[in-house]
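S.K.: Dumping the structure here so I can ask a few things about it.
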Amino acid sequence: MKKLFTLIICFTIFSFTIVSAQQTKNPYAGNQQAIKEGAEIFKKNCEACHGPGGKGDICPDLTKKNKKYGNSDSDLFATISKGRPGGMPNWDTSLGTDRIWKVVTYIRSIEK
Ligand code: HEC
């Protein structure tokens with residue numbers, strides 16, 4: 001019984017590690033195809049606020065490197081996935097992990 005319990009705990013920790021690893025490391029880093037797809041996703045969902053090419057309109061300029069909420073891949077993922085209080089919507093349910101990473105990859109490609 002105790003062994004089974006330990007096994008379940010180990011398995012749970014293991015699964016959490018996999019899930020969090022997925023959201024801290026960009027699986028598409030530098031991938032040209034992902035940049036293209038990310039650009040399409042950006043056009044459809046983000047451009048209305050962030051302007052063409054993410055250059056900022058009524059909302060923050062995403063081409064600058066020092067972002068308010070941090071500039072690591074995982075910071076960008078968290079911002080897009082969960083949203084931010086100043087009016088940035090959350091996209092975790094509408095886009096999902098895979099497409100969010102593609103948009104992160106696109107943002108990396110437009111930074112100056
Ligand atoms: C309804 C308008 C709106 C849409 C649509 C929108 N955003 Fe935002 N976004 C904002 C606002 C407003 C902020 C600033 C939030 C703050 O400062 O708290 C922001 C902030 C951000 C930031 C953080 C910038 C920083 O300096 O830290 C990123 C990254 C971002 N948005 C990416 C995206 C992406 C990618 C999409 C499309 C999937 C998107 N946004 C769609 C309004 C929008």
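Throughout, read-outs are computed from the coordinates displayed, never taken from laboratory work. Just so it is clear, the structure is predicted and the values come from calculations on it, not from any experiment. Please note: Cβ atoms are built from the backbone with ideal geometry, for glycine as well, and neighbour counts cover all protein chains shown.
S.K.: Suppose only helical runs count, i.e. DSSP H with n ≥ 4. What mean residue ellipticity at 222 nm does that imply for the chain under -39500 (n - 2.57) per run, divided by all residues and rounded to the nearest 500 deg cm²/dmol?
M.R.: -18000 deg cm²/dmol
S.K.: Excluding Gly70 itself, calculate the net charge of residues whose Cβ lies under 14 Å from the Cβ of Gly70, where each Lys or Arg counts +1 and each Asp or Glu counts -1.
M.R.: With Lys, Arg at +1 and Asp, Glu at -1, the net is +4.
S.K.: Moving on. For the chain, what does the equivalent ellipsoid look like in terms of its semi-axes, each the square root of 5 times an eigenvalue of the Cα gyration tensor, given largest first in whole Å?
M.R.: One finds semi-axes of 32, 15, 12 Å for the chain.
S.K.: A further question follows. Lone cysteines in the chain, defined as no other cysteine's Cβ under 4.7 Å from theirs: which are they?
M.R.: When partners are defined as cysteine Cβ atoms under 4.7 Å apart, the chain leaves Cys10, Cys46 without one.
S.K.: In nm, to one decimal, how far is the modelled label at Leu7 from the one at Glu111, with both set 7 Å along Cα→Cβ?
M.R.: With each label placed 7 Å out from Cα toward Cβ, I get 4.4 nm.
S.K.: Okay, moving on. Within straight cross-link reach of Lys82, meaning Cα distance under 22 Å, which lysines are found once same-chain residues fewer than 8 apart are removed?
M.R.: Partners found: Lys25, Lys43, Lys44, Lys55, Lys64, Lys65, Lys67, Lys68, Lys102.
S.K.: Given the options Ala48, Ala39, Ala78, state which has the largest fluctuation in a GNM of the chain using a 10 Å cut-off (strictly under) for Cα springs.
M.R.: Maximum among the listed residues: Ala48.
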